[in-house]
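Written below as structure tokens is the structure these notes are about.
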Amino acid sequence: MTKPILTPTEYHALCNVLEWAWMSVYQEPELCLKDINYSAYNQQHDIDPIKTGECGLGLAEAFEYTLNDRDKPNILIMIETLMYKLNCNHILANGHGNSWETLAPLVDNNECDRLEETNDDPNITTQTLEGYVVESIGLKNKTARLQEHFDNVNEAGWIQIGDDLWIDGDNSDIFPTS
């Protein structure tokens with residue numbers, strides 16, 4: 001078997017994001033509306049864009065090329081479907097989502113179970129148990145591209161051009177980011 005795409009920490013983070021999105025849209029349907037329109041704010045007449053419903057996460061627009069009908073029920077159903085298929089909510093899936101064997105290319109459930117079994121303290125996170133380090137994939141990719149073109153590049157993206165002379169490759173326009 002190949003290594004799963006997500007670590008237990010990343011999988012739990014994805015499930016938490018889906019759970020948050022579902023609860024947020026369920027409780028606040030206006031989150032499906034467009035972003036806050038501050039141009040509609042009129043301080044003189046105390047017209048607040050949040051109170052007038054001209055705010056939200058823009059989920060309807062974000063699903064523009066995904067769903068034909070982007071109203072609240074359809075967005076909720078899509079989030080529920082993802083949660084069900086990924087076994088993110090034990091109550092929703094009730095063990096009847098996908099099998100953990102099917103999800104094995106995505107996440108190693110045995111590792112998730114092992115981490116949960118070794119944890120007696122509810123205040124210890126999955127990240128701590130796993131020893132997971134949060135890294136910027138964008139920065140990591142840029143550093144990897146710098147290392148392809150320059151000989152002496154450290155993990156932080158600094159390029160050595162002399163004995164004690166370094167250039168910050170990450171924060172300079174020396175190399176295109178695309």
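Among residues of region 1-30 that are over 20 Å from W100 (Cα atoms) and free of Cβ contacts under 8 Å to residues at least 60 places away in the same chain, those with a beta-carbon under 6 Å from a residue that is buried (at least 17 other Cβ atoms within 10 Å of the Cβ) and not hydrophobic (A, V, I, L, M, F, W, C) at least six positions away or on a different chain give the pairs P29/K72; E30/G56. Determine, yes or no, whether L59 is at pLDDT below 85, crowded, with 17+ Cβ neighbours inside 10 Å, more than 21 Å from the chain's Cα centre (by Cα) and of a type in the set (A, V, I, L, M). So L59 does not fit the description; no.
Just to be sure before I move on: is H90 surrounded by fewer than 13 Cβ atoms within 10 Å (Cβ to Cβ), closer than 30 Å to V25 by Cβ and modelled with pLDDT under 80 in the structure I sent?
Numbers: surrounded by fewer than 13 Cβ atoms within 10 Å (Cβ to Cβ): yes; closer than 30 Å to V25 by Cβ: yes; modelled with pLDDT under 80: yes.
Here the answer is yes, as H90 does meet what is asked.
Note on region 6-31: among residues that are part of a helix (DSSP H, G or I) and of a type in the set (D, E, K, R), the one that is nearest to K72 (Cα to Cα) is E30.
Does L115 meet the test of being closer than 22 Å to Y11 by Cβ, in contact with a helix residue (DSSP H, G or I) (Cβ under 9 Å, 6 or more places away or on another chain) and not acidic (D, E)?
Values: closer than 22 Å to Y11 by Cβ: yes; in contact with a helix residue (DSSP H, G or I) (Cβ under 9 Å, 6 or more places away or on another chain): yes; not acidic (D, E): yes.
When the stated conditions are applied, L115 passes them.
Note on region 100-130: residues that are part of a loop (DSSP other than H, G, I, E, B) and under 19 Å from the mean Cα position of the chain (by Cα) amount to 5. Every test in (1) among the hydrophobic types (A, V, I, L, M, F, W, C); (2) assigned to a loop (DSSP other than H, G, I, E, B); (3) without any contact (Cβ under 8 Å) to a residue 40 or more places away in the chain is passed by L146 save one, and that test is (2).
In the set (1) over 18 Å from the mean Cα position of the chain (by Cα); (2) modelled with pLDDT under 80; (3) more than 30 Å from T2 (Cα to Cα); (4) not small (G, A, S), the condition left unmet by H96 is number (3).
Yes/no per residue for (1) in the same structural domain as N16 (by TED's automatic domain parsing); (2) exposed (fewer than 11 other Cβ atoms within 10 Å of the Cβ); (3) touching a residue at least 24 places away in the same chain (Cβ under 8 Å):
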position	(1), (2), (3)
N98	yes, no, no
E101	yes, yes, no
P105	yes, no, yes
E117	yes, yes, no
D120	yes, yes, no
N123	yes, yes, no
K142	no, no, yes
N152	no, no, no
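The values are calculated or read from the model by the stated rules, or taken from the named source; none is laboratory data. Computed from a predicted structure; not experimentally measured. Cβ atoms come from the backbone with ideal geometry, glycine included; neighbour counts cover every protein chain shown.
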